[in-house]
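The values are calculated or read from the model by the stated rules, or taken from the named source; none is laboratory data. This is a predicted model, so every value here is computed, not measured. For neighbour counting, all protein chains shown are included, and Cβ atoms are generated from backbone atoms with ideal geometry for every residue, glycine included.
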Amino acid sequence: MLPETFPIWATAQLLAEWWSDPFDEPAAGSPLVQASREQRSDPASAAAVAAAVRLGIDPEKIIALAMATDTPGLADEHERLFVGPGRVPCPPYESMWMDDAPPERGIMMGSAAGAVLNLYHRAGLTMRPHPGELPDHLVVETEALTWCLERNRGPAVAHALITEHLARWVPRFCAAVQTAARHPYYQALAELTPCWIDALAHHVDARAAHS
Amino acid sequence: MVEIRRRHFLGGMAVGAGVIAAGPRLRFLFASEPEGAGVAAAATTSAPRQVFRTGHSNNCDGACGHLVEVENGHPVMVKAAPWEDTAISGAIAQKFNPRICIRGLSQIQNTYSPDRVKYPYRRVGERGSGKWERISWEEAASTISQKFGAIQDKYGKRSVWIAPYTGSLSLLEGVVGVGFRLASVIGASAGDFEGDNQGDSATPAGWNYVLVDPTNPDNGGGLFDGHEGTDFLNSNLIVLWANNVAETSIPDWRTIVDAKKKGAKLVVVDPRFTPTSAAADLWLPARPGSDTALIDGVINYLITHKAYDEAYLRAYTVAPYLVHPQTKKLLRTTEIGLPGKDDYVVVGADGKPQAVGAADPKSTQLLGTFNVGAMSASTAFQVLADTMAKYTPEHTAALTDLTAEQVNTLASLFASNHPVGIRAGFGLSHWYHGDLTMQALLTLQALGGNIGVHGGGVTTFAGGLTTTAFDLPGWWAPEGTTSFTVLEPMEACDAMLDGKPYPVRAAWFMVDNYAQQMSDRNKVVKALKSLDFLVVSDYVMSATADLADIVLPACTYLEKTDLLSSNNFYLQYMPKIIDPLWESKSDLDAVTLVAQKMGVGQYFDKTADDYLKEILHIGDPEADSNVAGLTWSQLTEGAPHRNTPTIPYVPFFDKSFPTKTGKIEFYVEMLVPFDQAVCDHKEPIEASPTNPLFSKYPLVFLSTHTRFRTHSQYSNLPWLKEINNGGQGFLEINPKDANARGVSDGDVVRVYNDRGVMKVYARLTESIKPGVVNCYQGGWDTVKIKHYIEGHPNNLTHQIANPTQAVVPNFRSNAAYFDCLVQVERVKG
């Protein structure tokens, strides 16, 4: 049952999916959505656990996350923590976390946003015409990372995205989420994500060392 | 294997080899390189920077031009923009090279502020509880349409109040914007388009008393105009009265500095020592609210020293016109049996009364009381002189808390300099009798021959919105519709609470922070909470948005097409530079959506550019002379100056005044019932030592602008807060007043009167007059963000309306923010 070659890019995509906005209608035609609609739960959950194992993370953390998804109020909590209206305690943008006293004194579209845009370009990626989010949003950065990891499209960019960006700001961001979150899903996700990124970093370093 | 069956969790699962083979899902990005490109090639370097010219349309009379540099689709730099040195017609205009300010330089931070409202929301808790549910634009528009319709059916069409305000001074959105078009087509009532009586219509009312007949339909209910800012280069004496140009209007400050370099003298009247005061040759910290008395003192000096322009008074004012001794109105020939058609009466060199039309204007008597038939009538100038006689230097000094020497110095400056240009700040309009103060300033300027001349005038702001260059009637009321019912902000507050003159049960605020910036905040909040339905469009969660039923995410000026022509006489096309962020929409787009749901979408079916072409009548031979010959490429490729009769623009340059007499009416017949025919000083309605309330509340409470924000915009930007006391509000208080109250620097104080309370840190400073305190307005008091410890300056202010202003329909009600008394005490512990 366990897919033996659970690809690394798919582990990055899991991260993007877990952090994405519950309000959004997922893009039609995505096979992942299709599968979730058909409720193939066993392979799905197994795949997630497999991913954790592959990355060397305690699978219990996955289970904690999964257990929390049906607790009511998840969408409202996402809104309150990350979206609005107005100022939120945990804005999920790298720029907001990269200066002193984040995020109260942080600014949006800071130099981090420009830096990741350049990385995207190096990987052959551009923001869509109406992306609906800023380039240094957590989900955008992990989406780019996913792309770079798949079929070895951009190992140098993947390395930079993790080591120069995600690994630097996401732990701070997740610490704030753990403090501010009231819903077990985001508490669990904020605890899990830094390990996940750390594990991805090791993987990317290992690949770089071998290439 | 634990079976984990979780809906959301499943959404993220890769579920097998087949799915994995499909590859990564890209929602925000797309791949611009072909499949299988392998290792990323060398950097796809960003395109060269694009540069856009736009106007900064926020609520500031700087009306700056910005060059916005864009890289990778994002703005990265704002700089001062150049201006055309020709007018539309090709005539040489002027060199105009103003500076922009830190607010302009912070605009990118503002557009990308984490305080931005990203999506529409619906309230789910009590009003003001901060509980929201995200909804789609479709749902928001449908709800608004349905609610407005139901309320209009039940309470009448006017029970919906559309309230666009000055948050943006641009044409399609804001103070003359699309909200009024919506109001017209759905029969709603709507707030004032200009003279904006949240504190700014007292001096415009006064301007009309003297220079415009507000009863003449041709004058549209009242006008307001001023000298182009660069005209101060032509002044020999500049008086900045109750404003702080060095901090609030940077482009105009450049002109003042340049004028000083050319030799102009500068007088500043302000109870505070500001950067503007610091540049003055003469700084006069007059008692706030005593300004009319000071002006009267100068008028009396000019009269007693015969230092007035006789020829000008004879030619252009009602100075020689006789006043009926009983009715106090201007005397008519028919009242004294003079032959010929009915006319006003003057007295010739021979001492005999004549019709104005028959008299030699060069020899009419200016002063004197004459026997005319059975009565004894004085000239208007004589009435003025008699009324002003009590304003000796000593008496004036006593009223204004200045010295007689200071009064004499000011007066002799007026006597010995020409032209004199006066910039009358909105600080004067924030008083109950601000109308009278403007009347007095115009009287003074008439004496010196300073109206309708370069370098002269009394200007609050210029150009802009009161221009005939825009076909506002056509924009607001499309063919086949009737224009909206005007309901001023102060009147609307009463209508919400009392249902008079008719009930207001719903409102839509756009570029308007009514619940914080309007006076008597406790009353305003009570009124808004009583509404059945409240919509607020804003780009931050303002205090007004906090109270809404539906919040709509608005755009900043970089995200929408518009046109700015405010305060200066240039046309500044504002292109859309970036797409609206998240799901924000321009007011034009938001109104269009709602209009479509309400069945009036046919009035909103054009693009922004199309509307601009229509409103300016581009290509139409019937276009207003101000914009005659304007082409679209001229408009969009630079910032051309309008075809004003003079450049810099001077109102009434032809000395033709749209008054009943055709002259400057410093004797104001229509104000006889209000005992205000001439500009005799009146004490403020509240902030006067003659008020019995003064013993309880002995401090005058000002709430002025700060250079670090524009009203309540930019208040929470990190870099601006960093240089503005960390964003923490404070009360400026003189050490004398502080010591008397046991207040030390940094103490928390309670500022209060019978209307409300606020708590704030005290900052002791010699730069404010004893007896006066100041707390900068515009900081936020919202559910999530508070820039004062508790409350807001408008908790203390009032909505006492001056009925005199009703003679000018467009400027009939005014919020007198500064005419306010408080007490201050230290908060213990």
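Observations
- Qualifying residue in the range B:691-701 (condition: of a type in the set (D, E, K, R) and more than 23 Å from the chain's Cα centre (by Cα)): yes
- Screening B:E310 against (1) of a type in the set (D, E, K, R); (2) within 30 Å of B:S656 (Cβ to Cβ); (3) in contact (Cβ under 8 Å) with a residue 60 or more places away in the chain leaves a single unmet condition, (3).
- Picking from residues in the range B:231-251 that are in contact with a Pro (Cβ under 7 Å, 6 or more places away or on another chain) and surrounded by 24 or more Cβ atoms within 10 Å (Cβ to Cβ), the one that is farthest from B:F569 (Cα to Cα) is B:S235.
- The set of residues in the range B:782-797 being in contact with a strand residue (DSSP E or B) (Cβ under 8 Å, 6 or more places away or on another chain) and either without any contact (Cβ under 8 Å) to a residue 12 or more places away in the chain or within 14 Å of chain A (Cβ to nearest Cβ) (or both) consists of B:H787 alone.
- Restricting B:L366, B:L338 to residues that are surrounded by 13 or more Cβ atoms within 10 Å (Cβ to Cβ) and touching a Ser or Thr at 6+ places or on another chain (Cβ under 7 Å) narrows the list to B:L366.
- Of the residues B:D609, B:D624, the single one that is surrounded by fewer than 24 Cβ atoms within 10 Å (Cβ to Cβ), modelled with pLDDT of 95 or more, under 28 Å from the mean Cα position of the chain (by Cα) and more than 28 Å from B:W780 (Cα to Cα) is B:D609.
- Test: residue in the range B:286-298 that is at positive phi, in the same structural domain as B:G448 (by TED's automatic domain parsing) and crowded, with 21+ Cβ neighbours inside 10 Å: yes
- The one condition in (1) surrounded by fewer than 24 Cβ atoms within 10 Å (Cβ to Cβ); (2) of a type in the set (V, I, T); (3) under 30 Å from B:K265 (Cα atoms) that B:V458 fails to fulfil: (1)
- The range B:517-527, residues that are surrounded by fewer than 24 Cβ atoms within 10 Å (Cβ to Cβ) and not β-branched (V, I, T): B:D520, B:N522, B:K523, B:K526, B:A527
- Listing of helices (runs of 4 or more DSSP H) fully contained in the range B:342-451 that carry 3 or more residues being in the same structural domain as B:G662 (by TED's automatic domain parsing) and over 29 Å from B:W253 (Cα atoms): B:380-388, B:393-400
- Contacts under 8 angstrom Cβ, first residue in the range B:533-546 being within 12 Å of another protein chain (Cβ to nearest Cβ), partner buried (at least 24 other Cβ atoms within 10 Å of the Cβ) and among the aromatic types (F, W, Y), 6 or more apart: B:V536/B:W508; B:V536/B:F509; B:D538/B:F509; B:S542/B:W780; B:A543/B:W780
- In the range A:154-211, residue surrounded by the fewest Cβ atoms within 10 Å (Cβ to Cβ) [restricted to those that are among the small types (G, A, S), under 14 Å from the mean Cα position of the chain (by Cα) and within 27 Å of A:V83 (Cβ to Cβ)]: A:A167
- When B:W475, B:W508, B:W582 are checked against the criterion of being within 14 Å of chain A (Cβ to nearest Cβ), aromatic (F, W, Y) and out of contact with any Leu (no Cβ under 6 Å at 6 or more places or on another chain), a single residue qualifies: B:W582.
- Within the range B:57-101, tally of residues that are within 20 Å of the chain's Cα centre (by Cα) and either surrounded by fewer than 18 Cβ atoms within 10 Å (Cβ to Cβ) or assigned to a strand (DSSP E or B) (or both): 2
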